[in-house]
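Okay, so here's the structure we're looking at.
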């Protein structure tokens, strides 16, 4: 299984509490969400190593870039920060 963690931040690297992180499994099309706390951190444990995932965050109507975690990435722990210019 894979653990995906990271932080939602603004362009000055400040955390964005209350941002919503969306994680989509490209194989099953399941979507999971995570509302970040004061530190801006999110985590999605127990992800399949055999799926590709797309992840992005929304905060006050603004969206981060969409990032991808590939099934060909052999890491069991992946850290991706999501930046939103607001």
*For residue 35 and residue 72, FRET efficiency with R0 = 25 Å and r from the beta-carbon atoms, rounded to 0.05?*
0.25
_For the chain, share of DSSP beta bridges that run antiparallel, in % to the nearest 5_ = 80
*In terms of the Cα gyration tensor, with a ≥ b ≥ c the square roots of its eigenvalues, is the chain rounded because a/c is under 1.5, prolate because a/b exceeds b/c, or oblate?*
prolate
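Where a number appears in this text, it was derived from the coordinates with a stated rule and is not lab data. Keep in mind that what you see is a predicted model, and the values were worked out from it rather than measured. Note that we place each Cβ from the backbone using ideal geometry, even for glycine, and neighbour counts take in every protein chain shown.
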